[in-house]
């Protein structure tokens with residue numbers, strides 16, 4: 001009985017750990033999301049912010065982190081609905097600051113706590129929001145620690 005329970009728990013945990021490294025865009029992502037949001041930065045997986053924070057991001061597109069990213073009303077509605085529908089768990093991804101930043105969530109901070117502060121300003125990285133600098137397969141939703149591109153971070157993960 002104890003062996004069967006352990007096997008069940010182990011089997012249930014394997015998909016969760018594998019999922020932690022995979023965060024692809026949902027299949028129903030509107031083409032406008034990749035076209036509009038992905039034209040300036042990675043079209044972030046909506047699960048990285050809570051739905052309420054995505055609503056705040058979309059409400060401030062005319063002053064989007066120093067840029068004017070305003071969209072026509074129909075496009076903004078389609079993208080906003082998509083982001084809210086697929087927003088992350090509020091307990092895990094809330095408290096993203098003002099304006100909301102996925103890099104301010106407790107989840108992001110915990111996952112990146114071993115990254116040395118100077119690396120965020122490194123010319124290869126430039127910003128904590130530049131996922132692709134360290135995770136070259138981020139556009140495919142792959143964020144695994146084994147796939148990290150920067151050698152100095154790979155070395156830190158091994159120890």
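Computed from Cα atoms alone, the Kirkwood hydrodynamic radius reported for the stretch 112-159 is 10.9 Å. In terms of packing, defined here as the mean over residues of other Cβ atoms within 10 angstrom, the peptides 89-95, 60-66, 125-131 line up highest first as 125-131, 89-95, 60-66. Look at the alpha carbon pairs under 8 Å that are at least 6 residues apart: their mean separation over the length of the stretch 50-159 gives a relative contact order of 18 percent. Size descriptors for the stretch 46-159: radius of gyration and Dmax over Cα atoms are 15.4, 50 Å.
Put simply, when 49-56, 70-77 are sorted by average Cβ atoms within 10 angstrom per residue, most first, you get 49-56, 70-77. Classify the stretch 25-101 from the C-alpha gyration tensor, please: rounded if a/c falls under 1.5, else prolate or oblate depending on whether a/b exceeds b/c. Note, shape of the stretch 25-101 comes out oblate.
Just so you know, all these numbers are worked out from the coordinates, no wet-lab data involved. These numbers were taken from a predicted model, which means no experiment stands behind them. A quick note on method: Cβ atoms are made from the backbone with ideal geometry, for glycine too, and the neighbour counts reach across all protein chains shown.
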